[in-house]
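Student: This is the structure I have questions about; it appears just below.
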Protein chains: 2
Amino acid sequence: METRSPTDRTRVRRLPDRGAYDRETIFAILDTGFVCHVGIVESGSPVVIPTAYARVGDDIVLHGSSKSRLMTVLGGGAPACVTVTHVDGFVMARSAFHHSINYRSVVIFGRGEAITEERAKNEALHAFMERLHPGRWDAVRPPNPQELKATAVVRIPIEEASAKLRTGGPLDDPEDMTLDVWAGVVPVVLAREAPIRHVPEHA
Amino acid sequence: METRSPTDRTRVRRLPDRGAYDRETIFAILDTGFVCHVGIVESGSPVVIPTAYARVGDDIVLHGSSKSRLMTVLGGGAPACVTVTHVDGFVMARSAFHHSINYRSVVIFGRGEAITEERAKNEALHAFMERLHPGRWDAVRPPNPQELKATAVVRIPIEEASAKLRTGGPLDDPEDMTLDVWAGVVPVVLAREAPIRHVPEHA
């Protein structure tokens, strides 16, 4: 993906100062997350499904069961929208109106393409797992042919994409600044907690 | 919303043991979150936008700028899909294939209705803020008529909805249980951090 001008669809229409289109910003947001929301259209109605993703080069890669409706639709090249959102904080203003949320999001429009060739599929899954936990692929049992067959992998090129974000404190009206109310930001973060080891029942 | 049988659209087709349709489960998932992903269709293509939400009774309530394209489309009654997802953990299995994510999600299909009457709009925004921070509404300056006018509020009835969730550890194949690799769950949680007070520049 080259840095490019936004299309009509990706241009952030509201609050244009919150829009960003550069590759670095978009990739940084994508590389911070693991779960996206994928939109497809079925019988004229929108369907939004959460699923794991990884950025691999200039593609978003998704995977799922070969029998999954979502993967079948995406692999068939239907128009899709992939959205990734990180919530960073609650913005508490002095007026109800100026309350907000700090966030970083990326919206990608595109059409998927099924990755069916065994070697390419394996490479995509390898990249996927390395994103989740570097070094993990070499530690675990790799997929066998039946598992590879049961897994559908789809790539969606990151071509038509935009980022939108809000940072910083509340933007109160000047006349509200003297109100006696706590104002500021409550940061939130998706934190990893202490791992819980799995103990087999008959170990 | 009554507990009801799933429609063709909300029935969880893959892994049906992960599907739940009861009101209690669905409301509990909705009441844990603050940001949803809303899907609409524009020119035949899906568009997925993150936005804040609150459950108010049997409705999902969204709000935004009166000039927002999303709010205009939703308020006009276009078919919409509202999805709420909480990521609870990374499931690390002994094989690549059985890695997974623990999560709780709700998918709602419906059509929005603009709330335009001033009193009803104010009540919706009140409920919204109480969900974010109980007691906050009475502490801050309430919306003035101009702010109310600048704010669009839409309700979407929670009628056609389903929950899907995964909990617990990895489900490895029996023959992989003796592999010498760490397996278990890395829990993740959206944690609130220490609030950062906003100090006006000329305080």
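Student: Would you mind counting up the charge near residue B:144? Only other residues with Cβ under 12 Å from its Cβ, with Lys and Arg at +1 and Asp and Glu at -1. Present the calculation step by step, with values, prior to reporting the outcome.
Tutor: Working: positive: B:141, B:149; negative: A:173, A:175, A:176, B:118, B:147.
That works out to -3.
Student: Hey, another quick one. In Å, the Kirkwood hydrodynamic radius of region B:16-165 over pairs of distinct alpha carbons? Write out the running numbers ahead of the final one.
Tutor: On the way: mean 1/r = 0.0603 Å⁻¹.
Answer for region B:16-165: a Kirkwood hydrodynamic radius of 16.6 Å.
Student: Would you mind listing the distances between the residue B:189 label point and the same position in each other copy? Use 7 Å along Cα-to-C-beta, nm, one decimal, shortest first.
Tutor: Between copies, matching label points for residue B:189 lie 1.5 nm apart.
Student: What nm distances, shortest first, do you get from the label point of residue A:24 to those in the other copies when the point sits 7 angstrom along Cα to Cβ?
Tutor: For residue A:24, the other copies' label points sit at 5.3 nm, shortest first.
Student: Continuing with the same structure: Quick one: among A:63, A:98, A:86, which has the greatest mean-square fluctuation in a GNM of chain A with alpha-carbon springs under 10 angstrom?
Tutor: Highest fluctuation among the options: A:98.
Student: Report, in whole Å, the centroid distance computed from the Cα atoms of region B:129-181 and region A:168-203.
Tutor: Measuring centre to centre over Cα atoms gives 14 Å.
Student: Test of understanding: ordering A:189, A:47 by Cβ neighbours within 10 Å, fewest first, what list do you get?
Tutor: Listed from fewest to most nearby Cβ atoms, that is A:189, A:47.
Student: Can you compute the label reach from residue A:120? Point 7 Å from Cα along the Cβ direction, backbone N cut-off under 20 Å, restricted to region A:157-183.
Tutor: Under 20 Å, as judged by backbone N against the label point of residue A:120, lie A:157-160 of region A:157-183.
Student: Now, a different point. Count neighbours as other Cβ atoms within 10 Å of each site's Cβ, and list the chymotrypsin sites (Phe, Trp or Tyr not before Pro) in region A:69-104 that are DSSP loop with at most 12 such neighbours. All intermediate terms of the calculation are to be shown ahead of the outcome.
Tutor: Values: sites: A:90, A:97, A:103; in loops: none.
Loop-located and lightly packed - none at all.
Student: Tell me the mean residue ellipticity at 222 nm calculated for chain B from its helices only (DSSP H runs of n ≥ 4, each -39500 (n - 2.57), averaged over every residue, nearest 500).
Tutor: Helix contribution divided over all residues of chain B: -5500 deg cm²/dmol.
Student: Can you list the residues, at least 5 places off or on another chain, whose amide H is less than 5 Å from the amide H of residue A:102, using H built in the peptide plane?
Tutor: Amide H neighbours of residue A:102: A:88, A:89, A:90, A:91.
Student: Compute the Rg/Rh shape ratio of the protein assembly as shown: radius of gyration over Kirkwood radius, all on alpha-carbon atoms.
Tutor: With Rg and the Kirkwood Rh in hand, the quotient comes to 0.97.
Student: A follow-up question, please. As a quick test, which of the pairs A:164/B:149; A:121/A:149; A:164/B:67; B:67/B:149 have an alpha carbon distance above 20 angstrom in this structure?
Tutor: Values: A:164/B:149 25 Å; A:121/A:149 10 Å; A:164/B:67 17 Å; B:67/B:149 10 Å.
Exceeds cut-off: A:164/B:149.
Student: Right, something else. Find, to one decimal place in angstroms, the Kirkwood hydrodynamic radius of region A:45-114, where the mean of 1/r is taken over every pair of different Cα atoms and then inverted.
Tutor: This gives a value of 14.4 Å.
Student: Then there's this: How much net charge surrounds residue A:111 when only the other residues with a Cβ under 13 Å from the Cβ of residue A:111 are counted, with Lys and Arg +1 and Asp and Glu -1? Numbers along the way, then the final one.
Tutor: Working: positive: A:155; negative: A:59, A:113, A:159, A:160.
Local net charge: -3.
Student: Using a Gaussian network model of chain A whose springs link C-alpha atoms within less than 10 Å, name the residue from A:87, A:61, A:154 with the highest mean-square fluctuation.
Tutor: A:87
Every number here is computed from the coordinates shown, using simple stated rules; none is lab data. Values in this document were obtained by computation on a predicted structure and should not be read as measured data. In this analysis, Cβ positions are derived from the backbone assuming ideal geometry, glycine residues included, and neighbour counts consider all displayed protein chains.
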